[in-house]
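Okay, so here's the structure we're looking at.
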Protein chains: 2
Amino acid sequence: MNNRLEKDDYIQNISYDSVIFGFNGTQLKILILEYHNTGLFALPGGFVKINEDLDEAVKDGVSKRTGLENIYLEQYHTFGSLSRSDSTAMRRIIEESDLDVKDCEWMFGRFISVGYYALINYEEVSPKPDALSDSINWYPIDSLPKLMMDHEEMVAKALQVLRANFENKLIGMNLLPAKFTMKQLQQVHEAILGEKLRRTTFQRKMLSKDILVRHEKLFQGKAHKAPYLYSFK
Amino acid sequence: MNNRLEKDDYIQNISYDSVIFGFNGTQLKILILEYHNTGLFALPGGFVKINEDLDEAVKDGVSKRTGLENIYLEQYHTFGSLSRSDSTAMRRIIEESDLDVKDCEWMFGRFISVGYYALINYEEVSPKPDALSDSINWYPIDSLPKLMMDHEEMVAKALQVLRANFENKLIGMNLLPAKFTMKQLQQVHEAILGEKLRRTTFQRKMLSKDILVRHEKLFQGKAHKAPYLYSFK
């Protein structure tokens with residue numbers, strides 16, 4: 001959402017929402033907005049202008065709503081059930097904002113929402129709440145606040161897609177330094193899969209995939225315990 | 001689309017399109033409609049009523065447009081670029097139909113389209129064209145007619161998703177009899193991947209996956225050549 005939300009500028013009945021996963025090497029979090037004076041927590045979302053590509057609208061909108069620039073967002077599912085829209089919640093958000101309620105009545109209708117997700121390192125960015133929101137914060141995936149509308153279903157589905165695909169995406173998403181230890185690689189897997197893995201089994205599985213190059217050892221303390229460094233092929 | 005297409009009943013600017021893959025054990029085809037007197041070929045698609053779930057709209061609409069009942073459709077991508085809409089093509093389709101052009105002007109705007117795909121056995125069904133179409137036919141994936149708007153991109157993306165996921169879906173999609181030979185399993189893979197596979201490599205890979213149960217031999221001719229039958233675990 002931005003400052004001008006005039007009905008004629010926007011596609012009616014279409015919105016987007018974004019699940020931005022943050023990761024610091026060991027813990028997986030999600031970026032959540034809290035709306036002014038409503039107690040409503042939500043994923044960052046918005047609307048699509050009539051003369052703008054869907055992907056562009058999402059890219060611009062997420063950057064405005066979160067203060068984060070250049071996030072690579074991937075579309076994962078479109079949520080179209082009739083029961084998902086909640087005009088009461090939307091009305092409260094608008095009433096507590098500086099926007100004119102009458103101008104915003106088009107937002108209280110039914111919306112089909114296109115879901116996007118991203119995966120970034122939350123230690124490298126500082127999200128900023130937009131004008132509609134009190135705060136924007138990272139929450140661990142196992143202790144999210146209660147989210148509005150179907151946003152919990154959106155998170156669950158995004159997590160499912162992330163877990164199914166992340167092995168293929170690990171390289172592109174810059175979640176690890178260029179050279180990393182087997183332990184760091186295991187921590188990424190454990191945080192995203194949400195479960196502890198056995199070190200020996202994990203190491204054997206990774207080495208059998210033929211995706212890693214072994215480099216020099218990482219010397220930090222006792223030389224005989226130094227782990228090897230790896231990079232992706 | 002159905003007989004009544006009044007503007008107020010439908011969500012403006014949202015449509016769906018379906019890529020229905022047909023498979024007979026050895027060849028992969030796609031179901032394509034041709035519109036009356038236009039030379040326009042297209043995927044079966046339609047619109048979403050304001051009071052209906054997206055998934056339900058697609059299920060009902062595809063069944064009306066193709067004459068095929070109870071197809072399991074899966075959502076795979078939403079196409080939202082500004083350049084994808086083509087009001088000229090839509091206008092020609094409506095002009096050549098029995099519908100009133102004035103009633104249908106809302107269809108000439110910009111549409112974001114949600115893509116669904118399905119995979120069925122084309123030898124078990126008889127598609128029927130709807131009132132808007134001259135014909136509905138199965139086309140082999142490597143010899144499709146030129147498709148309207150971005151429907152070729154929709155097919156390419158659906159094929160990509162199908163190829164990435166079909167190993168997980170083979171069991172649920174009833175593409176093989178309950179018991180099948182290794183050769184039948186290989187033919188499914190070859191048709192969907194669009195390439196020939198080496199018999200020995202394929203067999204070793206399948207057996208190493210621990211997804212098959214071996215049963216009795218299939219006796220058809222010479223007993224010493226009879227292949228084993230398998231089923232999924």
C-alpha long axis of helix A:199-208 to longest principal axis of chain A, angle in °: 90
field: Packing rank of A:35-46, A:102-113, B:11-22, where each peptide gets the mean count of other beta carbons within 10 Å, highest leading
entry: B:11-22, A:35-46, A:102-113
message: Output the 0 to 90 degree angle, nearest 10, between the alpha-carbon long axis of helix A:151-169 and the longest principal axis computed from the alpha carbons of chain A.
response: 30
task: Restrict the search to the range A:122-222; then list the chymotrypsin sites (Phe, Trp or Tyr not before Pro) that DSSP places in a loop and that have at most 12 other Cβ atoms within 10 Å of their Cβ.
output: A:PHE219
task: For helix A:54-66, report the angle its Cα long axis makes with the longest principal axis of the Cα atoms of chain A; keep it between 0 and 90° and round to the nearest 10°.
output: 90
task: Taking the Cβ of each residue in A:LYS49, A:LYS183 as the centre, tally the other Cβ atoms inside 10 Å and list the residues starting with the fewest.
output: A:LYS183, A:LYS49
- request: State the antiparallel share, in %, of DSSP beta bridges confined to the protein assembly as shown, rounding to the nearest 5.
  value: 75
message: Nothing charged except the Cβ atoms of Lys and Arg (+1) and of Asp and Glu (-1): what's the magnitude of the dipole of the range A:7-169 about its Cα centre? Round to the nearest 20 debye.
response: 400
- request: Give the shape of the protein assembly as shown as rounded, prolate or oblate, defined through the alpha-carbon gyration tensor: a ≥ b ≥ c are the square roots of its eigenvalues, a/c under 1.5 means rounded, and otherwise the shape is prolate if a/b is larger than b/c and oblate if not.
  value: oblate
- request: List every residue whose amide H lies under 5 Å from the amide H of B:ILE112, counting only residues 5 or more places away in sequence or on a different chain, with H placed 1.01 Å from N in the peptide plane.
  value: B:ILE14, B:SER15
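For B:LYS196 and B:HIS224, FRET efficiency with R0 = 25 Å and r from the beta-carbon atoms, rounded to 0.05? It would help to have the intermediate numbers written out before the result.
Values: r = 26 Å, r/R0 = 1.05.
Between B:HIS224 and B:LYS196 the formula returns 0.40.
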statement: For the pair B:ASP100 and A:VAL161, the simple spin-label estimate (label points 7 Å beyond Cα toward Cβ) gives in nm 4.1
task: Search the structure for amide H atoms under 5 Å from the amide H of B:ILE120, placed 1.01 Å from N in the peptide plane, and list their residues when 5 or more places away or on another chain.
output: B:PHE21, B:GLY22, B:PHE23
task: Quick one: which residues, 5 or more positions from B:LEU28 or on another chain, have an amide H under 5 Å from its amide H? H modelled 1.01 Å from N in the peptide plane, none for Pro or chain starts.
output: B:ILE141
statement: Rounded to a whole number, the mean other protein chain Cβ count within 10 angstrom for residues of A:78-86 is 5
message: Taking a ≥ b ≥ c as the square roots of the Cα gyration tensor eigenvalues, with a/c under 1.5 meaning rounded and otherwise prolate when a/b beats b/c, else oblate, which class fits the range A:7-169?
response: prolate
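Where a number appears in this text, it was derived from the coordinates with a stated rule and is not lab data. Model, not experiment: these values are computed from the prediction. Because the Cβ atoms are built from the backbone with ideal geometry, glycine has one as well, and the counts that use them run over all protein chains shown.
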